[in-house]
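The values are calculated or read from the model by the stated rules, or taken from the named source; none is laboratory data. Just so you know, these numbers come straight off a predicted model, no measurement behind them. When we count neighbours, we look across all protein chains shown, and the Cβ atoms used for this are built from the backbone with ideal geometry, even at glycine. Ligands, DNA and RNA are stripped out before the accessible areas are found, and what is left, the full protein with its side chains, is counted by its heavy atoms. Shrake-Rupley method; radii C 1.70, N 1.55, O 1.52, S 1.80 Å.
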Amino acid sequence: NNKAKNIINMAKSVEEKFQGKIPHNHKDLISLAGVGNKTANVFLIELDNENRMAVDTHVFRTSHRLGLSDAKNVEETEKDLIEAFRDNLHILHQAMVLFGRYICTAQNPKCDEKCFLQAFCKTKSNFKPS
């Protein structure tokens, strides 16, 4: 129900404030109902190829397992990744999403069979594969 309400409210805002055109800047995007920092960043990465980092659950998990961040929230994790990598963040974002989705999974990560980053993993000993 919330998603439907947000989509309706977002459409109204786009029509009223932006003459029916989705804005292509972060500030205006996050002013839309249901659009937060991550969604705005993904939009700008995918449509405008902007140098941004979007931290979802996969990026958060893999960046912590690899020791790239020890921040407690996605905002601080995003800052850590931007500071560490600076360039090509849009490529890093996509790579980390896919890595976290298919290899460094939340449950039963495929460390021994598929992971090429084992040497950097900070938490492998804490995994409890079934």
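Worth pointing out:
- Accessible surface ranking that places the most exposed of Arg52, Arg65, Arg101 first, with a 1.4 angstrom probe: Arg101, Arg52, Arg65
- Legend: residues Ile91, Ile103, Ile82, sorted from most to least accessible area (1.4 Å probe; ligands, DNA and RNA excluded), read Ile91, Ile82, Ile103.
- Note on the chain: Rg/Rh from Cα positions, Kirkwood definition for Rh, rounded to two decimals, is 1.06.
- Charge dipole (debye, nearest 20) of the chain; +1 at Cβ of Lys and Arg, -1 at Cβ of Asp and Glu: 460
- Backbone N under 20 Å from the Ala4 label point (7 Å along Cα→Cβ), restricted to segment 26-52: 33-35
- With every protein chain in place, segment 68-111: carbon and sulfur % of accessible area (1.4 Å): 51
- Nearest-10 value in Å² for the accessible area of Ser69, using the 1.4 Å probe: 10
- Distance violations [Cα-Cα > 18 Å] among Lys38/Lys72; Lys72/Lys122; Lys12/Lys38; Lys38/Lys79: Lys12/Lys38
- Evaluated at q = 0.14 Å⁻¹, the base-10 log of the normalised Debye intensity for segment 76-126, with identical point scatterers placed on the Cα atoms, takes the values -0.42.
- Label zone at Asn49 (point 7 Å along Cα-to-Cβ), backbone N below 17 Å, segment 94-123: 94-95
- Per residue, the solvent-accessible area of the chain (1.4 Å probe, heavy atoms of protein chains only, all protein chains present) comes to 66 Å².
- Estimated [θ] at 222 nm from DSSP helical runs (n ≥ 4, -39500 (n - 2.57)) normalised by residues in the chain, nearest 500: -16500 deg cm²/dmol
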